[in-house]
C-alpha cells in the first residue's frame, strides 16, 4: 500500500461527491493508459459516431473554403475558461476517463509523470492520434454548467441545443429591447431555422413550410449566409445535415434567379454529398445540383466551377467532375460537349484534362444506356488522351472508355474503333496499376465485338493476362478477372484453351488463402470460376476446387463451397463421374464437420449439391445421416442447428431414394429432441420434421400424428419467429394429410392458439396461420371455426381484425362460399362499426379468392352493399367499393349488368371524397364497373360534370374521363356527344377561348 496516496476530500456536499477515494500508482496508471484498445464502452460509443463511418477522403469536405461576405462574420466557438488551462512550464498528466478524482495541477498530491514527455492536445478529427479528454478544473465545470442552455427565448418545443449551435444561433440568446427592422427579420429567420434543425417532428414540418413560404421575404443573402455555414459545421449530425440540405432544396425553388450569386457557395456545400456513403444523401445532392443548374443556367455553373477544374487538390477535382456530370444530365449532354472538348484538349494544365476525363466517366456511369446518342461526341473528346504525356491522364482516359463501354453494352463498337489501336499500344507499354486500367477498358470493349474480332483480341490479350496472374496488386487482380469474364462471355476462348492453358494457372494463383481473406476479390474469383466453368465443364472446375475445400483455412473452404454451389446450380451435375462424386461428398462432409463459425454458406452449398445429385445420393446417405445424428447431440447449439437444417435439406433426396425407414428414424430422433431450450435450434428441428411429414405416407409415419400434435400446441406459445412459423406449417401439413387422426376437440384447441398467431408482427407467420385455418376448417367443418373467427371481429386491434377477415376468406375458399356467406351476412346485422367493417373485409377476400364463382352470390350481396355504400362511415364505403370491384371483375360479361348499374348509381356520388385511400378505392370500383357495363354507360355519368362551374367537381370528373381515355380510347369514340349545329344542341361555353 506504499504506492497508494489518499486524496483529501474537496469542499462541497459530500453526498454528491463522485470522486474516488484514492489515486492510482503511476505504474498502474501508465499500464491502463497504454492498453486503450480494451475500452469497449469507448469503442462502442465511437462506432456510433457519424464520422466513424466516413473515410479520411470524405472528411476533406471540412477543409473546403466557404467564402463569406465581409459584412457577415461567424462567431467563433468560445474557448474554455482560462482557469482550466495548465501552466506551460508543467508537464500534463494523461488521465483516464474513469479517473474522476484527478486533482488540479497545483495540488501537492499530484502524481507527476516523470518518464513521459508532455502530451499534445488532440482534436476529435485527428484520427492519427487517440482521443484525450480535456483537462478542466472544478471551477470551469461549475461555470460551464451555469452556461448550459435549456431554453431559447421565442423558440419552443426544441429537442436539444448543442454547444456548437451557439456559434450560429447565439444572437437569439441575447435579449434586446430595441431592434431595427433588419435585426428583427434576422431573429425571425433564426428562430424558424432553429426549429427546423432542433425541433420536434411536427414543429419541424411547420417550420419548413413557413420558411418556404417566406423565402422571398427573408431574401437570399440572409438565408444562405446563415444556412451554408451550418452545413460546413464539423459537429453536424446526419439528420441535422439532411434537414439543412432539405432547407436549401425548398428555398431554391422559391428564390429562382436570386440564387445565382451564391452558386459557388452552394456547390461547395452540396457537392461533397455526391460521394457520401448513404445513397439517399447522394440522390438528394444530385437533385439539388440539377435544380440549381436549371435555375441559374449552364453559363453560371461553368463560371463557378472553372477555377476548380485544374485545382491542386484531387478531392476538389473529383467532386467537380461529379458536379459537371450531374449538370450534363440535367441540362443535356449536347449542351456540355463543347466545354468538355475544350477541357479535354487543354494545353494549360494536365489536371484540367484529367478532370474532363473523369467528368465523361461519371456521365457514362450516371446516364447508363442513355449516353448512347452522345457517344460519338464524347469519344472524340477523349480519343487523343490515351497517348497523353501525363500518366494520370492516360489512366483516367482508360477508365473513361471502360465506363462508356459498360454503359452502352451491347452497342457502340463502331464508335470505339478509333481508340482500339492506342488502347492496345498502351497495354503493351504500361505496367502496374496503369496497365490494370487499360486491361479493364479492353475487357469491356471485347464484350461489344462480334465473335471474330473478339476471338482475335482475346488471343492477343491472353498473353498479357496470363503474365499478370502472379501480380500481387489487388487492382490488377480485379482487371485480370474482368478480362477473363468478358472474353469467355464473348466466345473468344475455346474449350481446349480454357481447360489446358488458363484454368491450371487460374486455380494456382487465385485460389489461395490470401485471396479468401479479401471479401471483394473472393467474390469476383467465385463469379469468374463459374463463368469459366461454362467453357470447361462443371466437373473440371469442381475437381480443382476439392483441394481448397479440404484446406485448413476456413475462409478458403467457405469460398470453395460458394463456388461449388454456384456451379452446380447453374450447370448441374450431369458430367460428374462416380469417382468425383464420391470425392465431392467426402470433402463437403469434412468441411461441414470442420466448421466452427455461424456462417451458413457450407450448409447451403451442401444442400445445393444434394438437390442436384438427388437419387445419386443413395450410397452416401448412411454416413451423412450418421454424422447428422451425431451432431444433433453436440453441446454447441450452432452445430445442432446446422445439423437439423442439413437434415431438412436431405429429406427430399432420402424420399426419392425410397428410404422410408431412414426418414422414420430421423423423425423419431427429431421428435425426441423437441425439449430443446435454444429457440433457433428448436425452430430448425421442427422445420426438419415438417419436411419429413410432407413426404412420408401418413399410415407409415413414426411417431404417429396424434402423438406429435399435442406436443406442438404448447410450443406455439414460443415467441421466436422461426419456431412459430415452422410449428404452424407442420400443423397445417398434418391437417392436410391426416385430419382423421386427431380428434375435433384438439383441432379446436389449436384453432384458438392460431388466433393468437394472427397478432404476430411477422407477415410470414400471419400467412401461415391463415393457410392452416383453411386446412383445419376443411377437416372439422367451417361452423366451429367460423364461430371463433367471427368473435375476433369484435376486438379493437385492427391488425387482428384484418387477419381474421383473411382467414374467413380462406375458409370460404376451402369449404365453399355457401357455407360461410350466410354466417357473415348475418353477423353484419350487429350494430357495431368494427364488426361490419370486418364482414365487408372478409367479403373482399372471399370474392377475390373464389373468382367467377362469385356470380352465384351477386343478388344476395347487393342489399348489403347498398347499405354499406350509403353509410356515413368512410371506411364502410371504401371497403364496399373494393367488394364491388372484385364482383365486377369476376363476373364480367355474365349477364348481371342490372346489378352492376345499381351499384354504379350508389358508387358515383362518392367521387368527391378527398381522403386519398377512399378516393383510390372508389375510382377502382368505378373503373371495374366501367369494364362490366362498357365505357358508354359509365361516361354518361361523366359528361355533365366536365364543364361544371365548381372547380372541385370538374377535377373529380376529369380524373374519371382521363382514366377512360388512357384505358379504352377506341371504345369511347362511339359515345362522344354530338355537338354539331345541325343537331340543335349549342353550348356557348365551348366558344370561349381560355
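Taken together, the values in this text are just the output of simple stated rules run on the coordinates, not laboratory data. Everything quoted here is computed from the prediction, not taken from an experiment. In this analysis, Cβ positions are derived from the backbone assuming ideal geometry, glycine residues included, and neighbour counts consider all displayed protein chains.
Points to keep in mind about this one:
- Distance between the C-alpha centres of the stretch 697-759 and the stretch 868-916: 40 Å, rounded to the whole angstrom.
- Rg(Cα)/(2.2 N^0.38 Å) for the stretch 297-406, N = residue count: 0.94
- Potential extension, residue 901-residue 314 segment - 0.36 nm per residue separation minus Cα distance: 204.3 nm
- Per the Debye formula on identical point scatterers at the alpha carbon atoms of the stretch 409-493, with no solvent, log10 I(q)/I(0) at q = 0.23 Å⁻¹ is -1.12.
- Here residue 830 and residue 892 are evaluated by their C-beta separation; at R0 = 30 Å the FRET efficiency comes out at 0.40.
- Label reach from residue 174 (point 7 Å along Cα→C-beta): in the stretch 221-242, amide nitrogens under 18 Å belong to 226.
- Put the Cα centre of the stretch 778-806 next to the Cα centre of the stretch 451-527 and the gap is 61 Å.
- Rounded Å value of the spacing that divides the Cα centres of the stretch 599-631 and the stretch 226-304: 56 Å
- Kirkwood hydrodynamic radius over Cα pairs of the stretch 695-841, then Stokes diffusion coefficient at 4 °C and 1.567 mPa s, in µm²/s: 83 µm²/s
- Here the residues 238, 450, 784, 645, ranked from fewest to most Cβ neighbours within 10 Å of their Cβ, fall in the order 450, 238, 784, 645.
- Extension gain for residue 874-residue 279 works out to 210.3 nm (0.36 nm per residue, less the C-alpha to C-alpha distance).
- Set of the stretch 853-895 residues, backbone N closer than 18 Å to the point 7 Å along the Cα-Cβ line of residue 915: 865-885
- Peptides ranked, highest mean first, by Cβ atoms within 10 Å: ranges 935-944, 671-680, 647-656: 647-656, 935-944, 671-680
- Separation in nanometres of the label points that stand 7 Å from Cα toward Cβ, at residue 450 and residue 291: 5.0 nm
- Residue-span extension gain [residue 519 to residue 389] - 0.36 nm each, minus C-alpha spacing: 43.2 nm
- Using only alpha-carbon positions in the stretch 506-594, the gyration tensor eigenvalues give semi-axes of 19, 16, 10 Å once each is multiplied by 5 and square-rooted (largest first).
- Protection proxy ranking, highest mean first, for peptides 842-848, 914-920, 864-870: 842-848, 864-870, 914-920, where packing is the per-residue count of other beta-carbon atoms within 10 Å, averaged.
- Expressed per residue, the C-alpha convex hull volume of the stretch 830-904 stands at 79 Å³.
- With 10 Å bins from 0: P(r) over the stretch 802-939, alpha-carbon pairs, percent: 13, 47, 34, 6
- Spin-label model distance (nm) - residue 937 vs residue 342, 7 Å beyond Cα toward Cβ: 6.8 nm
- Relative packing of peptides 397-405, 293-301, 894-902 - highest average C-beta neighbours within 10 Å first: 397-405, 293-301, 894-902
- Cβ-Cβ distance of residue 700 and residue 614, R₀ of 25 Å, FRET efficiency by 1/(1 + (r/R0)^6): the value works out to about 0.70.
- Each residue, residue 787 and residue 759, gets one label point 7 Å from its Cα in the Cβ direction; the gap between the two is 2.2 nm.
- Cα-Cα P(r), the stretch 597-740, percent of pairs per 5 Å interval: 2, 10, 21, 24, 21, 14, 7, 1, 0
- Panel note: the C-alpha atoms of the stretch 166-293, placed on their principal axes, show extents of 46, 30, 25 Å (largest first).
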